[in-house]
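Here the structure comes first, spelled out in structure tokens, and everything after it is commentary.
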Amino acid sequence: MADLELTLAMSPWDRIQPLISGEVKPEGITLKYLNVPLNQIWSKQLVGEEFDMSEMSFSFTLKGLHAGWGYTLLPAFHNRTFSYVNTVIRIGSGIRQDHPEDLKGKRVGVVDYQMTAALWTRGILGRAFGVGQTEVEWFQGRPDPVVPNAPDFAPPAGVTINPPPNALEEMLDRGELDAMLSVHPPNHGPLADPARFTTLFSDAAAESMRYYKSTGIFPAHHATILRRSIAEAHPWAAKSLLDAFTEAQRLTMERTYGQAPSALIFADDALIRQRAVFGDDPYAYGVRANAEVIDTVQSFAVETGAVASKLAESDLYAAGVLDS
């Protein structure tokens with residue numbers, strides 16, 4: 001019987017390199033890997049549903065699933081990070097470093113109010129530090145994402161969002177904003193000037209580990225989506241794919257622990273510190289291993305107004321991986 005041939009569009013994460021190279025192959029499936037820029041994956045999938053399987057923003061995935069999108073989830077999650085620690089603050093704004101409560105009453109920029117990093121950041125600021133989304137004046141940078149058949153976004157009652165477009169970095173530079181949610185700390189341009197701007201937390205790694213130790217949550221920003229018609233026509237395919245993703249991840253972590261990247265001077269120390277806090281498999285795949293993380297991001301999406309309600313696991317995942 002000939003292999004099922006599927007296209008895969010995804011960032012070349014180290015944890016999928018064995019899949020890209022062909023060292024790991026899903027049983028009964030041949031993958032055609034497409035190295036497409038991430039922003040193009042978003043648009044091509046949301047509007048045209050061009051790829052059989054791809055990486056996808058978790059918030060966009062939830063909106064799409066609610067709107068009857070033609071995809072389902074594999075519980076293999078990428079771009080896991082503690083984005084809230086990278087919030088940029090303007091020195092002199094009245095926001096003290098390591099005092100997130102000072103964000104109350106401030107003007108804060110966000111590229112897209114509904115994007116996954118913003119969901120996680122606002123949710124954590126609210127739950128862990130008491131900074132409610134209604135206590136901040138928000139400025140959105142880009143227009144709301146186009147998700148076909150999804151209802152227009154309406155912010156929750158009491159939330160003030162100055163509509164896009166807003167040139168967030170320029171506004172922060174001019175003093176028109178007090179802070180900006182950021183996926184990564186700025187490393188170039190005016191916002192990289194340490195005399196004028198800094199991050200909300202003085203030690204991002206220490207704060208991230210504190211949050212993880214107190215909650216057990218390692219935020220997942222990107223999901224893996226599979227065309228629903230394929231999952232339904234070939235019920236075995238989802239498990240075969242998840243098994244292959246899992247094996248590729250296992251090999252990557254095994255090799256990393258066996259030989260830390262030589263380009264990183266303190267790589268061995270970093271790995272020892274990481275394993276002490278996060279264990280041997282911080283990127284664990286599967287429904288059970290990620291149940292609390294996914295329930296939390298769904299809660300944040302509902303609180304934000306991005307979606308109306310949480311989806312049950314049976315509505316999120318392909319049937320073949322529900323017991324993973």
message = Can you pull out every residue in region 291-313 that is part of a helix (DSSP H, G or I) and more than 16 Å from GLY123 (Cβ to Cβ)?
response = ALA291, GLU313
message = I need a count of the residues in region 12-56 that are polar (S, T, N, Q), surrounded by 15 or more Cβ atoms within 10 Å (Cβ to Cβ) and modelled with pLDDT of 95 or more.
response = 2
message = Here is a list: ALA244, ALA223, ALA237, ALA231. Which entry is touching a residue at least 24 places away in the same chain (Cβ under 8 Å), out of contact with any Leu (no Cβ under 7 Å at 6 or more places or on another chain), outside the structural domain of ASP98 (by TED's automatic domain parsing) and buried (at least 18 other Cβ atoms within 10 Å of the Cβ)?
response = ALA231
query = Could you give every pair whose Cβ atoms fall below 7 Å, whose first residue belongs to region 129-146 and is in the same structural domain as ASN166 (by TED's automatic domain parsing) and of a type in the set (Gly, Ala, Ser), and whose second residue is surrounded by 15 or more Cβ atoms within 10 Å (Cβ to Cβ) and part of a helix (DSSP H, G or I), counting only separations of at least 6 or pairs across chains?
reply = GLY132/GLY126; GLY141/LEU168
remark   = Given (1) in a helix (DSSP H, G or I); (2) of a type in the set (D, E, K, R); (3) touching a residue at least 12 places away in the same chain (Cβ under 8 Å); (4) closer than 26 Å to SER54 by Cα, GLU254 misses just (3)
task = Just name the residue that is surrounded by the most Cβ atoms within 10 Å (Cβ to Cβ) out of those in region 201-220 that are charged (D, E, K, R) and farther than 25 Å from TRP13 by Cα.
result = ARG210
ask   = Is there any pair linking a residue in region 277-292 that is assigned by TED's automatic domain parsing to the domain that holds SER314 to one that is surrounded by fewer than 12 Cβ atoms within 10 Å (Cβ to Cβ) and modelled with pLDDT of 95 or more, with Cβ under 7 Å and at least six apart or on different chains, and which?
value = VAL277/LYS213; GLU292/GLY216
query = In region 177-190, is there at least one residue being surrounded by fewer than 16 Cβ atoms within 10 Å (Cβ to Cβ) and either modelled with pLDDT of 95 or more or in contact with a Gly (Cβ under 6 Å, 6 or more places away or on another chain) (or both)?
reply = no
Residues located in region 245-265, provided they are aromatic (Phe, Trp, Tyr) and at pLDDT below 95 = TYR257
query = Identify, please: which residue in region 152-176 is in contact (Cβ under 8 Å) with a residue 60 or more places away in the chain and surrounded by fewer than 16 Cβ atoms within 10 Å (Cβ to Cβ) and is, among those, farthest from LEU103 (Cα to Cα)?
reply = ALA154
ask   = Residues in region 191-200 that are touching a residue at least 60 places away in the same chain (Cβ under 8 Å) and exposed (fewer than 13 other Cβ atoms within 10 Å of the Cβ): how many?
value = 1
ask   = What are the residues in region 56-105 that are out of contact with any Phe, Trp or Tyr (no Cβ under 9 Å at 6 or more places or on another chain) and at positive phi, if any?
value = GLY68, GLY92, GLY94, GLY105
The one condition in (1) closer than 30 Å to PRO155 by Cα; (2) surrounded by fewer than 22 Cβ atoms within 10 Å (Cβ to Cβ); (3) out of contact with any helix residue (DSSP H, G or I) (no Cβ under 8 Å at 6 or more places or on another chain); (4) modelled with pLDDT of 95 or more that VAL108 fails to fulfil = (2)
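The values are calculated or read from the model by the stated rules, or taken from the named source; none is laboratory data. Everything numeric in this text was worked out from a predicted model, so none of it was measured. Because the Cβ atoms are built from the backbone with ideal geometry, glycine has one as well, and the counts that use them run over all protein chains shown.
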